[in-house]
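Worksheet for the structure shown next.
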Amino acid sequence: MKDTVARNILLNPGPATTTDSVKYAQVVPDICPRESEFGEIMQEIASNLTCMVANEEEYTTVLFGGSGTAAVESIISSVVEGCILVVNNGAYGDRIARIARTYRLSYVEFVSSPVVPVDLSELESAIVHSRERVTHLAVVHNETTTGLLTDIGGIGQLCAKHGIVLIVDAMSSFAAIPIDMEQMNIQFLAASSNKNLQGMAGVSFVIADKRALENSSNIEPRSFYLHLYSQYRYFLETKQLRFTPPVQTLYALKQAIAETLEEGIAQRYQRYSESWLALMDGLAQLKLEHLVDKEHHSRIITAILEPELPGYNFEDMHDYLHSKGITIYPGKLGNQGTFRIANIGDIAKEDILLFLNYLKQYLESLEEN
Ligand SMILES: *Cc1c(COP(=O)(O)O)cnc(C)c1O
């Protein structure tokens, strides 16, 4: 393996730090993606992704070239007939509601706190009392704005009870937090190549219950490129994507999947957990507070309250850390000043300790002034 690529520690919530082997997997002979050889590669990728969360008899993976939002938009625009309830408890739930609005779908918004778990009895009450019967429900698994983890299994039970199709945005949980679509009663799930899968950005995908997917075939397409059923059928018949796929990104994804399977999803979450616990300790020592209580926190992304020190400035802190090879991320909450640290990707506890050390130096430099 050539060792020529500098290693940056990305603590933004994806694209995540990748291994050199994933980076170099992109350097391959040119190929036309309509060749059967490439079809086999996509077939293998799709089938491995399905098996991470479901069985292949009843579930399937539909690939798209695009960022993660493409997969979410594909589901929302393609499968909803009737009325969709959108759980909005952060920027990503809000994004789903905006997609529903864009396609002029009939929708109900269930607004909930981005730091406190969704109250399932209130959610059920909203379902029962909705003026229009709720046929679909969309929810984000790990709210990437704050790190709040939602009980999608509990929501799945509610959906089973009320005959509702469940759509989960698992973008920032897939391949780290174990998910079982059948057991959790999830019909559609969206994720992407560049977060916990530790691949390159550019592939997003939908994992779907085949029966629910078939049921969407009668709905008049609302989108051309992102029409889920059309891409599903086309791939079944041709082993090709309808439009040009990001070829090299798919080669990298193939390698990233192999590395994910080698590490194991539970072990990957264990590694992330060790980094996260080190982050928790370090923040406590620096007297910095995080927003979500530990019990409901994913061990993936953390929103931290900005310090109230004179001279503190996110950009300065970012630039200082960046000069040390570490990238941090701004917050995304309207009313509270936060910044975010994700501990996903090919990083380990040592990288978090290094980050904490530089963070301490930055904060001490403020106190000296
Ligand atoms: C990253 C992410 C997305 C997709 O974002 P893109 O920029 O389109 O890749 C969607 N939902 C959640 C919860 C995410 O974390």
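The values are calculated or read from the model by the stated rules, or taken from the named source; none is laboratory data. If you're wondering where the values come from, they're calculated on a predicted model, not measured in any experiment. No Cβ is skipped: glycine too gets one built from the backbone with ideal geometry, and neighbour counts run over all protein chains shown.
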Task: Any hit, segment 75-95, residues being surrounded by fewer than 17 Cβ atoms within 10 Å (Cβ to Cβ) and of a type in the set (Lys, Arg) - done: no
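Residue-by-condition table, conditions (1) among the aromatic types (Phe, Trp, Tyr); (2) closer than 17 Å to residue 155 by Cβ:
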residue	(1), (2)
55	no, no
60	no, no
66	no, no
71	no, no
84	no, yes
107	yes, yes
116	no, yes
124	no, yes
128	no, yes
TODO: Name, by its number, the condition in (1) part of a loop (DSSP other than H, G, I, E, B); (2) in contact with a helix residue (DSSP H, G or I) (Cβ under 6 Å, 6 or more places away or on another chain) that does not hold for residue 173.
DONE: (2)
Task: Counted residues, segment 317-339 - those being without any contact (Cβ under 8 Å) to a residue 12 or more places away in the chain and charged (D, E, K, R) - done: 1
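Quick check, is residue 258 of a type outside the set (Phe, Trp, Tyr), out of contact with any strand residue (DSSP E or B) (no Cβ under 6 Å at 6 or more places or on another chain), closer than 24 Å to residue 22 by Cα and surrounded by fewer than 16 Cβ atoms within 10 Å (Cβ to Cβ)? I'd like the intermediate steps shown before the answer.
On the way: of a type outside the set (Phe, Trp, Tyr): yes; out of contact with any strand residue (DSSP E or B) (no Cβ under 6 Å at 6 or more places or on another chain): yes; closer than 24 Å to residue 22 by Cα: yes; surrounded by fewer than 16 Cβ atoms within 10 Å (Cβ to Cβ): yes.
It is true that residue 258 is of a type outside the set (Phe, Trp, Tyr), out of contact with any strand residue (DSSP E or B) (no Cβ under 6 Å at 6 or more places or on another chain), closer than 24 Å to residue 22 by Cα and surrounded by fewer than 16 Cβ atoms within 10 Å (Cβ to Cβ).
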Task: Selected residue (criterion: surrounded by the fewest Cβ atoms within 10 Å (Cβ to Cβ)) from residues of segment 320-365 that are small (Gly, Ala, Ser) and assigned to a loop (DSSP other than H, G, I, E, B) - done: 334
TODO: Determine which member of the set 33, 29 is part of a loop (DSSP other than H, G, I, E, B) and touching a residue at least 12 places away in the same chain (Cβ under 8 Å).
DONE: 33
- [ ] Could you give me the residue pairs with C-beta distances under 9 Å whose first residue belongs to segment 198-212 and is over 20 Å from residue 17 (Cα atoms) and of a type in the set (Val, Ile, Thr), whose second residue is more than 12 Å from the ligand (Cβ to nearest atom) and in a loop (DSSP other than H, G, I, E, B) wherever it lies, and which are 6+ apart or on separate chains?
- [x] 207/54; 207/186
- [ ] Working only within segment 262-302, note down all residues that are of a type in the set (Val, Ile, Thr) and either touching a helix residue (DSSP H, G or I) at 6+ places or on another chain (Cβ under 7 Å) or part of a helix (DSSP H, G or I) (or both).
- [x] 265, 300, 302
- [ ] Could you run through segment 1-26 and say how many residues are touching a helix residue (DSSP H, G or I) at 6+ places or on another chain (Cβ under 8 Å), modelled with pLDDT of 95 or more and among the aliphatic types (A, V, I, L, M)?
- [x] 4
TODO: Within segment 114-131, identify whether any single residue is within 16 Å of the ligand (Cβ to nearest atom), assigned to a strand (DSSP E or B), touching a residue at least 12 places away in the same chain (Cβ under 8 Å) and not small (Gly, Ala, Ser), and answer yes or no.
DONE: no
Task: Counted residues, segment 63-111 - those being within 16 Å of the ligand (Cβ to nearest atom), touching a helix residue (DSSP H, G or I) at 6+ places or on another chain (Cβ under 7 Å) and not in a helix (DSSP H, G or I) - done: 5
Open item on the list: Going through 241, 228, 197, 236 one at a time, which residue ends up being farther than 25 Å from residue 27 by Cα and within 23 Å of the chain's Cα centre (by Cα)?
Closed with: 228
Open item on the list: Anything in segment 37-52 that is crowded, with 19+ Cβ neighbours inside 10 Å and polar (S, T, N, Q)? List them, or say none.
Closed with: 50
